[in-house]
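J.: Starting off with a structure, shown below.
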Amino acid sequence: MIKLLEHIGRYFIMLQRTFGKFTKGSVLRKLIVREIDDLIIGSLGIVAFISFFVGGVVAIQTAINSDNPLLPKYLVGFATRQSIILEFAPSFISVIMAGKVGSFITSSIGTMRVTEQIDALEVMGVNTYNYLIFPKIVAMTLYPFIIVISMFLGIFGGYVACISGGFSAHADFVEGLQLEFNPFHVTYAFIKTFLFAMLLATIPSYHGYYMKGGALGVGKASTTSFVWTSVAIIIMNSFVTNLLLT
Amino acid sequence: MIAVNNIEKSFGKTAVLKGISAEFEQGKTNLIIGQSGSGKTVFLKCILGLHRVTAGEIIYNKVPLSSMEEEEQSLLRQDMGMVFQGSALFDSMTVEENVMFPMQMFTQAPEDEIRERANIAIDRVNLVDANHKLPAEISGGMKKRVAIARAIVMNPSYLFCDEPNSGLDPKTAILIDNLIQEITQEYQITTVINTHDMNSVMEIGEKIIFLKEGYKAWEGTNKDIFKTDNEAVTDFVYSSELFKKVRKVYLEESH
């Protein structure tokens, strides 16, 4: 328990230092562009692929399990929309990103630690927290755009699976998509997506920055980072859902 | 000049440095030597301020490091160059970008001027046709040269090298040693080198501090090291038969 509190304390100290002495603007801009490329653009492919096919599976499962004349035909489209907007895109994709983006951040910072690149920056007088972590935080503010794409492709995947598999008619699916649409659900999804983005940028950075040991340590830190980022996302999800939807 | 007054450093209950005092002189290659685990790297990192000392003072040009504000420390660091044991080059940057990096961070000079100065530093360490290569594409000796070029590009007053010729073949190791000594004398830098390479000790050790189990066990020059009867030093330096013979010949010749 004391160890956990120590980690939490050190995490917040890291955050404070991240917003301390700022790196020179021209250097920071280049770093931010590179991070956007690595963390956001580099994640589009996997997010698109997973969203499309999982959206399809969600729609098929809903169709198969609601094959009852008492249930309305638009239910498949409605359930697909709700599950994708409320949970699949923001939460499920974020847990996947904890593996993809999180491991990348931890291993890249961890490798810099092992190969003394962070020491080299410190000797030069660079605020290494700001130099390494701040660009990742800024890049991850674009994370909601990934989730928009995930939402769209998830629903589209559901539509394609239903229509091509004969599980639902076009009109029924579209009716379900439009039924009782509550714009606040999208707002809720974006609020939590933004919070998850901050966790995705900072928790893996913490594990990379403070890792100990050599190459094996980098591997261990990446695994620990994935576990703790996922745990934090799940806890945050539960907290935000209770706060905003109940 | 750097003065170290009675510094101690502990990690938990383990005392690594036990009251070391020393002076590192300007324009000289100051060597810290000792067996693995004697505290050399911790000592160097304490001098750099990467480790906070448990007791004692590190003084840069009469100003204690501990009394410096964060901004002063930051400015001091811009006046330091460091060559790490593994070179610590930024692996996402080319050779030229690595050398340009300190100037991009801390000067307002235009890009062309930064590139020109970086190329002067690259030429100074005799690197040819490597500007656009990544660190992964060059040899260990070339990496060390890039690290030296990056360390000197801001014309620092202090140069620190942690085992600069470890992992290099003897010929390249001597070239790196000579390069560091030339640069030290040319720019009148205070150079501190952490090594256990006996060739370096004999060739460029203008001032040598020998550490043993966290204590300073001996201090002198590369000339003194032949004459010393300090058992700890002779056990360490003349552990090989070859060096024992070298010492014997040197002493016979000097008589």
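J.: Which residues, taken from the range B:1-31, are touching a residue at least 60 places away in the same chain (Cβ under 8 Å) and among the small types (G, A, S)? Steps first, answer last, please.
T.: Step one: filter the range B:1-31 for residues touching a residue at least 60 places away in the same chain (Cβ under 8 Å), giving B:1-2, B:15-22, B:24-31.
Listed by number, the residues that qualify are B:A15, B:G19, B:S21, B:A22, B:G27.
J.: Say whether the condition of being buried (at least 19 other Cβ atoms within 10 Å of the Cβ), within 14 Å of another protein chain (Cβ to nearest Cβ) and not hydroxyl-bearing (S, T, Y) is met by at least one residue in the range A:143-156.
T.: No: zero hits.
J.: I would also like to ask the following. Just checking, which of B:N126, B:N119 is in a helix (DSSP H, G or I), of a type in the set (S, T, N, Q) and under 23 Å from B:E186 (Cα atoms)?
T.: Numbers: B:N126 fails: in a helix (DSSP H, G or I).
Checking each option against the conditions leaves just B:N119.
J.: Count, please, the residues in the range A:7-26 that happen to be within 14 Å of chain B (Cβ to nearest Cβ) and either under 22 Å from the mean Cα position of the chain (by Cα) or exposed (fewer than 11 other Cβ atoms within 10 Å of the Cβ) (or both).
T.: Taking the range A:7-26 and keeping what is within 14 Å of chain B (Cβ to nearest Cβ), we get A:16-17, A:20-26.
Among the residues that remain, those that are also either under 22 Å from the mean Cα position of the chain (by Cα) or exposed (fewer than 11 other Cβ atoms within 10 Å of the Cβ) (or both) are: A:16, A:25.
So the count comes out to 2.
J.: For B:V146, only one of the following conditions fails: (1) crowded, with 23+ Cβ neighbours inside 10 Å; (2) part of a loop (DSSP other than H, G, I, E, B); (3) out of contact with any strand residue (DSSP E or B) (no Cβ under 7 Å at 6 or more places or on another chain); (4) not small (G, A, S). What is its number?
T.: For B:V146, the exception is condition (2).
The rows are residues; the columns are (1) within 14 Å of chain A (Cβ to nearest Cβ); (2) more than 30 Å from B:L127 (Cβ to Cβ); (3) among the aromatic types (F, W, Y); (4) surrounded by fewer than 18 Cβ atoms within 10 Å (Cβ to Cβ).
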{"position": "B:C46", "(1), (2), (3), (4)": "yes, yes, no, no"}
{"position": "B:T54", "(1), (2), (3), (4)": "no, yes, no, yes"}
{"position": "B:E70", "(1), (2), (3), (4)": "yes, yes, no, yes"}
{"position": "B:L76", "(1), (2), (3), (4)": "yes, no, no, no"}
{"position": "B:M80", "(1), (2), (3), (4)": "yes, no, no, no"}
{"position": "B:A88", "(1), (2), (3), (4)": "yes, no, no, no"}
{"position": "B:D91", "(1), (2), (3), (4)": "yes, no, no, yes"}
{"position": "B:T94", "(1), (2), (3), (4)": "yes, no, no, no"}
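J.: Does the range B:48-68 contain at least one residue that is in the same structural domain as B:K216 (by TED's automatic domain parsing), under 18 Å from B:I180 (Cβ atoms) and in contact (Cβ under 8 Å) with a residue 24 or more places away in the chain? Quick ask: steps written out before the conclusion?
T.: At the first step, the residues of the range B:48-68 found to be in the same structural domain as B:K216 (by TED's automatic domain parsing) are B:48-68.
Applying the additional criterion that residues be under 18 Å from B:I180 (Cβ atoms) yields B:48.
Among the residues that remain, those that are also in contact (Cβ under 8 Å) with a residue 24 or more places away in the chain are: B:48.
Within the range B:48-68 (the criterion being in the same structural domain as B:K216 (by TED's automatic domain parsing), under 18 Å from B:I180 (Cβ atoms) and in contact (Cβ under 8 Å) with a residue 24 or more places away in the chain), the answer is yes, since at least one residue qualifies.
J.: Name the residues in the range B:34-45 that are touching a strand residue (DSSP E or B) at 6+ places or on another chain (Cβ under 8 Å) and more than 22 Å from B:S157 (Cα to Cα), would you? Steps first, please.
T.: Applying the first criterion (touching a strand residue (DSSP E or B) at 6+ places or on another chain (Cβ under 8 Å)) to the range B:34-45 yields B:34-35, B:38-44.
If the condition is that a residue be touching a strand residue (DSSP E or B) at 6+ places or on another chain (Cβ under 8 Å) and more than 22 Å from B:S157 (Cα to Cα), then B:G34, B:Q35, B:S38, B:G39 are the ones that fit.
J.: Might you check whether a residue that is part of a helix (DSSP H, G or I), away from every other protein chain (no Cβ under 14 Å), among the hydrophobic types (A, V, I, L, M, F, W, C) and under 30 Å from A:R17 (Cα atoms) occurs anywhere in the range A:109-132?
T.: Of the range A:109-132, the ones part of a helix (DSSP H, G or I) are A:109-114, A:117-123, A:128-132.
Checking the rest, the ones that are also away from every other protein chain (no Cβ under 14 Å) come to none.
Scanning the range A:109-132 turns up no residue that is part of a helix (DSSP H, G or I), away from every other protein chain (no Cβ under 14 Å), among the hydrophobic types (A, V, I, L, M, F, W, C) and under 30 Å from A:R17 (Cα atoms).
J.: Answer yes or no: is there a residue in the range B:76-93 that is assigned to a helix (DSSP H, G or I), closer than 21 Å to A:K21 by Cα and charged (D, E, K, R). Before the answer, list the steps.
T.: From the range B:76-93, those assigned to a helix (DSSP H, G or I) are B:76-78; that's our starting set.
Applying the additional criterion that residues be closer than 21 Å to A:K21 by Cα yields B:76-78.
Still in the list and also charged (D, E, K, R): B:77.
Yes - at least one qualifying residue is present in the range B:76-93.
J.: For the subset of the range B:49-73 comprising residues that are over 22 Å from B:I189 (Cβ atoms) and assigned to a helix (DSSP H, G or I), which member is nearest to the chain's Cα centre (by Cα)?
T.: Once the filter is applied, the top-ranked residue is B:S66.
J.: Looking at the range A:160-194, which of its residues are of a type in the set (D, E, K, R) and within 30 Å of A:L142 (Cβ to Cβ)? Break it down into steps so the answer makes sense when it comes.
T.: Applying the first criterion (of a type in the set (D, E, K, R)) to the range A:160-194 yields A:172, A:175, A:180, A:192.
A:K192, the sole residue that qualifies.
J.: Residues that are at pLDDT below 95, assigned to a helix (DSSP H, G or I) and either over 28 Å from the mean Cα position of the chain (by Cα) or hydroxyl-bearing (S, T, Y) (or both): does the range A:149-156 have at least one?
T.: Within the range A:149-156 (the criterion being at pLDDT below 95, assigned to a helix (DSSP H, G or I) and either over 28 Å from the mean Cα position of the chain (by Cα) or hydroxyl-bearing (S, T, Y) (or both)), the answer is no, since none of the residues qualifies.
J.: Right, here's the next one. Here is a list: A:V47, A:V57. Which entry is β-branched (V, I, T) and over 22 Å from A:L199 (Cα atoms)?
T.: Numbers: A:V47 fails: over 22 Å from A:L199 (Cα atoms).
Selected residue: A:V57, the only one of A:V47, A:V57 that is β-branched (V, I, T) and over 22 Å from A:L199 (Cα atoms).
J.: Here's a follow-up. Do you know which of the residues in the range B:131-177 that are among the hydroxyl-bearing types (S, T, Y) and within 19 Å of B:M82 (Cβ to Cβ) is modelled with the lowest pLDDT?
T.: We begin by selecting, within the range B:131-177, every residue among the hydroxyl-bearing types (S, T, Y); these are B:139, B:157-158, B:166, B:172.
The next check asks that each one be within 19 Å of B:M82 (Cβ to Cβ); those that pass are B:157-158, B:166.
Numbers: B:S157: 91, B:Y158: 92, B:S166: 81.
The extreme case among them is B:S166.
J.: In addition: Hey, could you check the range B:110-136 for residues that are among the small types (G, A, S) and within 23 Å of B:D177 (Cβ to Cβ) and say which is surrounded by the most Cβ atoms within 10 Å (Cβ to Cβ)?
T.: Our first condition is that a residue be among the small types (G, A, S); within the range B:110-136, this holds for B:118, B:121, B:130, B:136.
Keeping just the survivors that are within 23 Å of B:D177 (Cβ to Cβ) gives B:121, B:130.
Details: B:A121: 24, B:A130: 20.
Of everything passing the filter in the range B:110-136, B:A121 is surrounded by the most Cβ atoms within 10 Å (Cβ to Cβ).
J.: Taking into account only those residues within the range B:56-68 that are of a type in the set (V, I, T) and at pLDDT 90 or above, which is surrounded by the most Cβ atoms within 10 Å (Cβ to Cβ)?
T.: Within the range B:56-68, the first condition is being of a type in the set (V, I, T), and the residues that meet it are B:58-59, B:63.
Restricting the remaining residues to those that are at pLDDT 90 or above gives B:58-59.
Details: B:I58: 18, B:I59: 16.
Among them, the one singled out is B:I58.
The values are calculated or read from the model by the stated rules, or taken from the named source; none is laboratory data. It should be emphasised that the depicted structure is a prediction, and the values quoted were computed from it without experimental measurement. We place every Cβ from the backbone using ideal geometry, glycine too, and count neighbours over all the protein chains shown.
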